[in-house]
Amino acid sequence: MEPSFWHEKWQLQQIGFHLNQVNPFLVKYWPHLGLPENSEVFVPLCGKSLDMFYLAEQRHTVLGCELSLIAVKDFFTDNDIVYQESRINDHAVFSAEQVTLYQGDIFTLPSQLTSSISGFYDRAALIAWPEEMRQQYVHTLAALVPADVSGLLITLDYPQETLKGPPFAVSPTWIETYLTAYFTVELLECADVLADNSRFVYKQVPWLNEAVYKLTRKS
């Protein structure tokens, strides 16, 4: 999957993955992490997600990384947020009072930029990658998250042969196989969400589960 795939999606506004509301699992389970106010929270492949507003409303400082320049600028302009623009190596930096977005490839994001985070949130990153790139992403995420830092991971699981991703199916077995080398994994909830996702219903996908995990980076 080349970067051009995502650039084209944003250019054509084919962004069904963008939700017009805050994810209910985020609202329900974020308080379980117990992060104090002013904590830095990392959001990989953040798009223009409203979930970042929720995190900022908890008085956190949000650090996002997003490939698409359109998505980054839309986040600020759609919400009438004034921002400053700068650059760090290969990444453009868009900064506002509580949100800083690094526009560029997450695989080249310097780990020192996330060295002071106290939490992280992945709703749309892990499930965005096909199998081979997903493993590379896990390795990258582990390098960006300091030891003992916890976060939430939200995944979708369904019979992959019934629908061409993204989003791609990520099973509990896959999580166990590839994440436990880097993270302590705790399943918080798994829910049947097929009825709420018309694209999956239209494609006659027989079942669709959304799961939320608490991940803690191992030392």
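The values are calculated or read from the model by the stated rules, or taken from the named source; none is laboratory data. If you're wondering where the values come from, they're calculated on a predicted model, not measured in any experiment. Counting neighbours? That spans all protein chains shown, and the Cβs are built from the backbone with ideal geometry, glycine included. Heavy atoms of the whole protein, side chains included, go into the accessibility calculation; ligands, DNA and RNA do not. Shrake-Rupley method; radii C 1.70, N 1.55, O 1.52, S 1.80 Å.
Values as computed for the structure displayed
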item	result
Reachable lysines from Lys48, criterion Cα separation under 22 angstrom, eight or more residues apart if same chain	Lys9, Lys28, Lys73
Fraction of antiparallel bridges per DSSP, the chain only, in percent to nearest 5	60
Area accessible to solvent at Lys214, 1.4 Å probe radius, in Å²	60
The range 155-219 and the range 88-126: distance between their alpha carbon centers, rounded to Å	24
Mean Cβ neighbour count within 10 Å, used as a protection proxy, ranking 73-80, 60-67 highest first	60-67, 73-80
Three-way shape label, the chain, alpha-carbon gyration tensor, a/c 1.5	rounded
Net charge of neighbours whose Cβ lies under 15 Å from the Cβ of Leu179, counting Lys and Arg as +1 and Asp and Glu as -1	-1
Spacing of the two label points (7 Å from each Cα toward its C-beta) at Lys203 and Ala143, in nm	3.1
Shape of the range 18-136, Cα gyration tensor, a/c cut at 1.5	rounded
